[in-house]
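The values are calculated or read from the model by the stated rules, or taken from the named source; none is laboratory data. Note that the structure is predicted; figures quoted are calculated from it, not measured. Please note: Cβ atoms are built from the backbone with ideal geometry, for glycine as well, and neighbour counts cover all protein chains shown.
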Amino acid sequence: MHVDMDAFYASVEQRDHPEWRGKPVIVGGKGKRSVAATASYEARAYGVHSAMSISEAKRRCPDGIFVEPRFGVYHAVSDEIHAIMLHYADAIEPIALDEAFMDISGMGSQYRTLGAIGRAIKAEIREKTGLVASVGIAPNKFLAKMASDMGKPDGLFIIPYGRERAVLAPLPVRKLWGVGPVTARRLQQMGFETIGDMQNAPVSQLRKVLGNQAVLFHQLALGIDSRPVEAEREVKSIGDESTMEEDIFDREDIERQIALHSDVVARRLRKKGLSGQAVTLKIRFASFRTLTRSMTLSEPTRLAEDIEKAARILLQRIPLSEGVRLVGVTASRLVEGEGMMNLFSESRDRKGKAAAVVDALQEQFGERAIRRGLWVEQELKEKEKKSEKTVISPIMK
Ligand code: DCP
Ligand code: MG
C-alpha cells in the first residue's frame, strides 16, 4: 500500500484556516523568485502546480491565497500520519513527508477485502488529522505508488494481480515513476507515447534514451518490481571516521585521530540522549586491508574520555605494520539516557555536567568557541602541512 496526502501543505493550511476552504490556496515563498511548493485543487483548476514560479502562479490565479509554508506543522502532521499507518502494519517506509509505503500482505484475516483496509486507513487519517489521503494498493511498491496517483483526489485505487500490464498500458510515459520531464520528452521523440509502447519495445530501443537504466524501466513498464518495503531502521550505532589526506605512520598521530573521533561520537550520543556500551575501532591500512576490534564496557557511557580509552586499548590489539589511511570509532549497544555510573561517582557526574555545558556553549556560539586542545593541535598540524606544500609549489613552477 502507498499512502499519499492530497495537496498536502495546502490542505493543512485550509484545515487550519477554515475561511480558505474551497478556495485556491498556493503555498510558497514570498520572494519574487520563489516557487510554489504546492497548490490546493481549487488552484490547480487555474493551471497552478508545484514548482511553478510564484509570479506565474499569480498571473494564472490572481485571486489566489498565497501563504508561506509552516514546516514545523507539516512535520508534526507527517508524524501523526505515520503513527496511524503503524496501526495497520509492523513497519512503514516513508519516502516523503506526506507519503509512505507499507507491506499489507497477510492482512486478509482482519479485513475481508483490500478495499476495506484502504477505507479503514483513509477514515482514520481523516478522523484524526482532518486531512484527505489517497491510497494505492497493488502487488508491488512501484504499482502501489502509481495507483495512489491514479485515484487522486480522495482516491482508493487497487491494481489486482494479473492486471498490471493492462492498467499501465494507456498511461503517458511521463507517469512512470522515475521518468522526469526531460526523459519523457526524449522517449516521446523516440516514438514512445504510452507506457504500453514501452512494454512492447525491445530493450535495445529503450537503451538509446535510458542507457543502463533501460532494463529497469522496461521491467517497471511491465509492472515488475521486486523491491521490498524497507522499514525505517532505528539507530543501532553512532560512529565517526575519516580518511587521511596522507597515510599516517606515527602511533601518536593515530591516537590523536582516535581522540578526535571519540569526541565527535560522544557529542552525538549526548545530542541524541543515548549512551553506548560497546566501542569499535576501525583501522584501514594503505593497502586497504581493514581491521576492526570491539570491546564491551562495564557501563554505558557518553563521555569522550571513556570511548577514547577503550579505543586506545583496542589499538594495542592491532599490529601497525604499514601506513594508516583511515581511522574510525563507533559506539554501539546503545541505551537511552546517561548510564548509571554517574549516579555513583561524583567525579563522573561532574564530567557529565561539564560535557553538557560544553555542548550548550558549542550549540550557541559554534564549535570553535570551546573545545579540547587536541582540535587546535590538529588544525596546526594541517596548516603546517599546507605551508610545506606552498614552499614546494613555487619551486615546481
Ligand atoms: N512539495 C514541494 N515541492 C515540490 C513538490 C512537493 O515543496 N516540487 C511539497 C509540498 C507538497 C508535499 O511536498 O504538499 C507533497 O508533495 P506531493 O507531490 O505529494 O504533492 P501534494 O501532496 O501537494 O499533492 P498531490 O495531491 O498531488 O499529492
Ligand atoms: Mg501528496
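Looking at (1) within 15 Å of ligand 2 (Cβ to nearest atom); (2) free of Cβ contacts under 8 Å to residues at least 24 places away in the same chain; (3) over 30 Å from S226 (Cβ atoms), which one does H82 not meet, given that it meets all the others? Every listed condition holds for H82 apart from (3). Restricting R325, R312 to those that are free of Cβ contacts under 8 Å to residues at least 60 places away in the same chain and farther than 13 Å from A266 by Cα reduces the list to R312. In region 201-222 there is no residue matching the filter, namely being among the hydroxyl-bearing types (S, T, Y), surrounded by 13 or more Cβ atoms within 10 Å (Cβ to Cβ), modelled with pLDDT of 90 or more and assigned to a helix (DSSP H, G or I). The residues on offer are G118, G191, G130, G178, and the sole one that is surrounded by 17 or more Cβ atoms within 10 Å (Cβ to Cβ) and among the small types (G, A, S) is G118.
Results for (1) in the same structural domain as E127 (by TED's automatic domain parsing); (2) closer than 20 Å to G130 by Cα; (3) modelled with pLDDT under 90, shown as yes or no for each residue.
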position: R15; (1), (2), (3): no, yes, no
position: G47; (1), (2), (3): no, no, no
position: A89; (1), (2), (3): yes, no, yes
position: D103; (1), (2), (3): yes, no, no
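On the stretch given as region 121-158, residues that are outside any helix (DSSP H, G or I), in contact (Cβ under 8 Å) with a residue 24 or more places away in the chain and among the hydrophobic types (A, V, I, L, M, F, W, C) total 8. Going by the conditions given, is G118 within 26 Å of F157 (Cα to Cα), more than 19 Å from the chain's Cα centre (by Cα) and either assigned to a helix (DSSP H, G or I) or assigned by TED's automatic domain parsing to the domain that holds F142 (or both)? Against the criterion (within 26 Å of F157 (Cα to Cα), more than 19 Å from the chain's Cα centre (by Cα) and either assigned to a helix (DSSP H, G or I) or assigned by TED's automatic domain parsing to the domain that holds F142 (or both)), G118 qualifies. Go through region 163-183 residue by residue and tally those that are at pLDDT below 95 and more than 16 Å from ligand 2 (Cβ to nearest atom). Qualifying residue count, region 163-183: 8. All told, R70 falls short of being without any contact (Cβ under 8 Å) to a residue 12 or more places away in the chain, at negative phi, touching a helix residue (DSSP H, G or I) at 6+ places or on another chain (Cβ under 8 Å) and more than 16 Å from ligand 2 (Cβ to nearest atom).
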